[in-house]
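Chemist: Have a look at this one.
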Amino acid sequence: MHDLSIASSIVESVLTFAEGPPPRKIVKVLLQIGELTCVEPEQLAFCYTAITRETALEGSTLEIEPVKAEVVCRHCGYEGRPRYWDDALADTCIATLQCPRCDKATEAVGGHECTIRTIRYVEP
């Protein structure tokens, strides 16, 4: 459900852009998705394809560019990639907000993006 609501918001924004003026035929949407958003790129792409049928976006492609998580530790000054939980019951490692250096809590400064980066179009 999470991915469907995100896809719906993206489609709504891109349809508004496509309506112009001037009207545009959308070819591709490039989306940046942060590692900390917990969005599954394959599921999001599936939802996008499903809800763009019979719209001005039908046939357009959704390209997803992953954005790595970045954290800052106010305790030891660490800046960089977070610690990962390898034992999770998931196919991939899960980023945590624990400092890899001192084990204390960090602040996420990157990796929570969900942004339309570019829209490629042609004018009909």
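Chemist: Give me the distance in nm between label points sitting 7 Å out from Cα along the Cα-to-Cβ direction at residue 86 and residue 120, one decimal.
Modeler: Once both label points are built, they end up 3.9 nm from each other.
Chemist: Let me ask another. Give the long-range amide H neighbours of residue 67: residues separated by 5 or more places, or on another chain, with amide H under 5 Å away, using H modelled in the peptide plane at 1.01 Å from N.
Modeler: So residue 67 has HN proximity to 33, 34, 35.
Chemist: Quick one: dipole size for the chain, taken about the Cα centre, charges +1 on Lys/Arg Cβ and -1 on Asp/Glu Cβ, in debye to the nearest 20. Before the final figure, lay out each step's value.
Modeler: Numbers: 12 positive and 19 negative charges, 74 e Å.
That gives the chain a dipole magnitude of about 360 debye.
Chemist: For the chain, build the charge dipole from Cβ charges (+1 Lys, Arg; -1 Asp, Glu) around the Cα centre, then report which of 73, 2, 112 sits farthest towards its positive end.
Modeler: It is 73.
Chemist: If I fit a long axis through the Cα atoms of helix 2-18 and take the longest principal axis of the Cα atoms of the chain, what angle between them do I get, 0 to 90°, rounded to 10?
Modeler: Taking the Cα atoms of the chain, the angle to 2-18 is about 40 degrees.
Chemist: Here is a further query. Along Cα→Cβ, 7 Å out, is where each label goes; now give me the distance between the ones at residue 43 and residue 112 in nm to one decimal.
Modeler: 2.0 nm
Chemist: Which angle from 0 to 90°, rounded to the nearest 10, does the C-alpha axis of helix 41-51 make with the longest principal axis of the chain?
Modeler: 20 degrees
Chemist: Nearest-5 percent of antiparallel DSSP beta bridges in the chain?
Modeler: Numbers: 16 of 23 bridges.
So the antiparallel bridges amount to about 70 percent of the total.
Chemist: Which value, in nm² and rounded to one decimal, describes the direction-averaged projected area of the C-alpha convex hull of region 2-122? All intermediate terms of the calculation are to be shown ahead of the outcome.
Modeler: On the way: hull surface 34.2 nm².
Here the figure is 8.6 nm², rounded to one decimal.
The numbers here are math on the coordinates, done by the rules we state, and not lab data. Because the structure is predicted, anything quoted here is derived from the model rather than measured. A quick note on method: Cβ atoms are made from the backbone with ideal geometry, for glycine too, and the neighbour counts reach across all protein chains shown.
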